[in-house]
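As structure tokens, the structure follows; a few thoughts come after it.
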Amino acid sequence: MLAKRIIPCLDIKEGRVVKGVSFLGLRDAGDPLELAQRYNEDSADELVFLDITASHEHRGLTFDLAARLARVLFIPFTIGGGIASIEEIHRIVTAGADKVSLNTAALADPDLIGEGAERFGSQCIVIAIDVKRRGDRWEVFSHGGRRPTGRDAVAWALEAERRGAGEILLTSMDQDGRQEGFDLEITSRISTRVNIPVIASGGGGTTDHFYDALTRGHADAVLAASVFHYGQTTVSGLKRALHARGVPVRLPREEA
């Protein structure tokens, strides 16, 4: 059985890491390079960096972030936010990122998924899907959660896979930052329908929450921010707790 991944997420605004609730009320959480190095040393499996206002403010992502991160990190990392062309994907990957996360641009031009997968490999293309519950369905939002698209989340995940995406980063906007648990229903619906990895995001606060996302939600990985940034738990501590409950995770080398 493949090991489940624990992935800290660093939301970037104006060069700083920030965190809010349901994408609102952002507060400062620190310097991205310092936090990246901390997680690098704390056995994180990967890192995700998202410039959360890039698409909304119609400005390009700061490409030198990937180069600076590549110099200090020894684990895979993904960069997203404002990436809207094959040329920009190429610049990010060339600078050192292992993957790129596409959201708004992929919704506007789904062909970008296939073009990116063909040129850089499916494993490089992560499709971020931000969703809100609408009765018995979930609607996809773009532009950092600011614009409803009318698209169904499950249908969009299946289309993204068909077009060549290598991974889905699924964020429940309803649960984001609340630390009350992941949205297990939509996580399970998508995880059991697609044949590519799904990263559950939005709501992680306790070991039980992460355990449920990886078991009942059938997620391949869990992503969180607040609980790690503000010291409520550590990546290594969470891994030990999950390992004790039978979840396959990569423990620190000295403990494996």
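Below are the figures for this structure:
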| quantity | calculated |
| --- | --- |
| Rounded to whole Å, sorted largest first: equivalent-ellipsoid semi-axes of the stretch 30-150, Cα gyration tensor | 25, 17, 14 |
| Listed peptides 178-184, 122-128, 33-39, 133-139 by packing density, highest first (mean Cβ within 10 Å) | 122-128, 178-184, 33-39, 133-139 |
| Rg over Rh, two decimals, the stretch 62-132 (C-alpha only, Kirkwood Rh) | 0.96 |
| Protection proxy ranking of 64-70, 145-151 - average other beta-carbon atoms within 10 Å, highest first | 64-70, 145-151 |
| Where only C-alpha atoms are counted, convex hull volume of the chain per residue in Å³ | 113 |
| R0 of 25 Å, Cβ-Cβ distance VAL72-THR94: FRET efficiency to nearest 0.05 | 0.90 |
| Euclidean distance between Cα centres, the stretch 211-256 to the stretch 65-115, Å | 25 |
| For ALA224, distant residues with modelled amide H under 5 Å away | ILE7, CYS9 |
| For GLU167, residues with placed amide H under 5 Å, excluding near neighbours | ILE127 |
| Per-pair calculated FRET efficiency, R0 = 22 Å: ILE86 and ASP64 via Cβ, rounded to 0.05 | 0.65 |
| Segment ARG119-TYR230, extension gain: residue separation times 0.36 nm, minus the distance between their alpha carbons | 36.1 nm |
| Karplus-derived HN-Hα couplings along the stretch 93-99 (A = 6.51, B = -1.76, C = 1.60, θ = phi - 60°), whole Hz, x at Gly and Pro | 5, 4, 6, x, 5, 7, 9 |
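Coordinate-derived values only; no laboratory data. Just so it is clear, the structure is predicted and the values come from calculations on it, not from any experiment. Reconstructed Cβ throughout: ideal geometry from the backbone, glycine too, with neighbour counts over all protein chains shown.
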